[in-house]
Structures are given as C-alpha cells and as structure tokens.
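Each remark here refers to the structure printed beneath this line.
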Amino acid sequence: MGYLTKWGGPWGRIPSTAGSVYFVAPVSSSSSSYNIENRAYTASDQNDGLSPERALATVTKAIALATANNGDTICLLPGTHNASTGANETAAGNIAVNKAGLTFIGLPAVGDVFAAPGVLKPSAIITAPAATIAVSVTAARTTFINLSILPITQKAGIDFTTAATHLSVFNCFFDLATPVGHASTKGLAATSATQAPTYLFVKNCVFEEDNTGTSHGPALDVGAALAFRVEGNYFYNLGTGAGVGAWTIAGQVNDVAHGMFKGNNFFTLLGSAAAITAGIKGVSMTGASE
C-alpha cells in the first residue's frame, strides 16, 4: 500500500482523527470499477472500505459501518456519488446522515480545508438518483468538506432538521446552474422554516446559480437556525442561459433565527445581464430583533 503516501500520509490531508476512515468509490449501475494511479480496483459494499484499494460502493454503506461520535471520516474518491441502485446496492434513495459526529470529505483535499478561500469545483460530487434530496442530515456534529453538491430540480442538495446541531460545511461547491430553474431547487437548506439547529457553520463555500428565466430558490436557507455563522462564501449568478432571469433570493433567513453573516460575496458574471434581487432576505421576521 505504498502508493497511499501520495496523499501525504496514511490517508492524506484528512482532518486528524482517532476514529476510522472509510473510502467510497464512485460507481454506476453498470460498473463497480474505479482507478487509483492507473490501477483498476473493484468497489463493493462487501469491502471494509478502510483503504482506497478496498473502497466501498456507496456512501450509505459507509454510514452504516461508521460509529457515531467516534470521529469517523468518510472519504469520497473523485467522481459522482449518489444513493441510486447501483452495482452493489439494494435500494434507491437519498443519503441519510443519521449518525452523529461523522465527517464527509472529498479527495483530493486541496490546501488547508479550514482556511483556504472559496473553492471552485471539487472533483468528488454528490447528487441524487431521482426526484429526491441528495443528502438529508438528522444527526448532530456532521461536517462536509471539499465536496461538490448537485441538487435535482425542485429539491435541495443538502437539507437538515433541528436535530442537525453543529452542522459544518466548508469549501463546498453548490451547483444551481445545472438543474432546470425552479423556485424549489435549493443548495443547503432547512427542511422547513421552523427548523432551528444550533451552531450551523458555513464557510468558504461557492453557491453558483444560472437559469433560463426561472429562478432557483435560495442557495442557502438557514431556516430558524440559532447562533449560526455564515462566513467568506461566494454567491453568484452566471447569467449564461437563454432568457436569463434574476436570482430572486441567494440567502434566506426565517423568523426567530439569529446568527452572523460575515465577509460574504454576492456578484454576477462580468458582462452578464443577470442580477441578484436579494442577497440575504428575511422571511416572516415577526420575532424580537436587535
């Protein structure tokens, strides 16, 4: 396993942990083969997933093997990952994060994942197999790092409930340019306006919008999150589609939420006729404020 040193150590630039590290390969319904250093390997949910050459076939299986609150990390190798019925899967559905304390990271992890400026488009992509949410978080202390999130039209890329306390999202790319424009398509969003997790932290992420006259929904909807922090992110409207329209709301905050927006950037592509109507919008803000 000497080739593993190319990652910079036994597991590369993965946050230090005393827990287990599970690797997941991108596979399709027709093939479970993947490559590392031009060598072909077979991904399977019968593997242990504990090194890149014995990668699992699904993120769902990695979650099943992981231990809650143990510092376990799930590393997604470059390519597209979803929870569809594939070569080694038994059922379709979204990726349900229902164990606390898990970290999901895309490899290769470029630079200092906690301090680098907003990334462009990481090569490990999470999407949904059909008309469903790509990832649903219902557990505390979940972290996503260096991943591309591709929502399906009318669904969120990642959604979360009140139970998702200490949800952290760093250096991720949310693609709202590929799906067909729809007001219900969101990037990172609470499942409803009343969901109120504590200590939501979103840093150094890119939220990209494009449409053909129908705006997507908010790329970031914090719901009624408490003590949230949204820092150093980039929200932009490419404006390259035919009959491009304004992005109605880039970021949304609902009633009784409280927290901090710091150093975020909102812009449109140079020379584009596209616009962002509201960078951050409060909805039904009837609670006390200061």
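The values are calculated or read from the model by the stated rules, or taken from the named source; none is laboratory data. Keep in mind that what you see is a predicted model, and the values were worked out from it rather than measured. Because the Cβ atoms are built from the backbone with ideal geometry, glycine has one as well, and the counts that use them run over all protein chains shown. Accessible surface is based on the protein model in full, side chains and every heavy atom, while ligands, DNA and RNA are left aside. Shrake-Rupley method; radii C 1.70, N 1.55, O 1.52, S 1.80 Å.
Some observations on this one:
- Local electrostatic count at Ala55 - Lys and Arg +1, Asp and Glu -1, tallied over other residues with Cβ under 11 Å: -1
- Summed residue charge, Cβ within 15 Å of Asn265's Cβ, Lys/Arg positive, Asp/Glu negative: -1
- Net charge of neighbours whose Cβ lies under 15 Å from the Cβ of Phe174, counting Lys and Arg as +1 and Asp and Glu as -1: -2
- Distance histogram in 5 Å bins (all Cα pairs of segment 149-203, percent per bin): 5, 20, 28, 21, 19, 7, 1
- What you get for segment 161-258, charging only the Cβ of Lys and Arg (+1) and of Asp and Glu (-1), is a dipole of about 180 debye around the Cα centre.
- Of all accessible heavy-atom area on segment 156-208, the percent that carbon and sulfur account for (1.4 Å): 59
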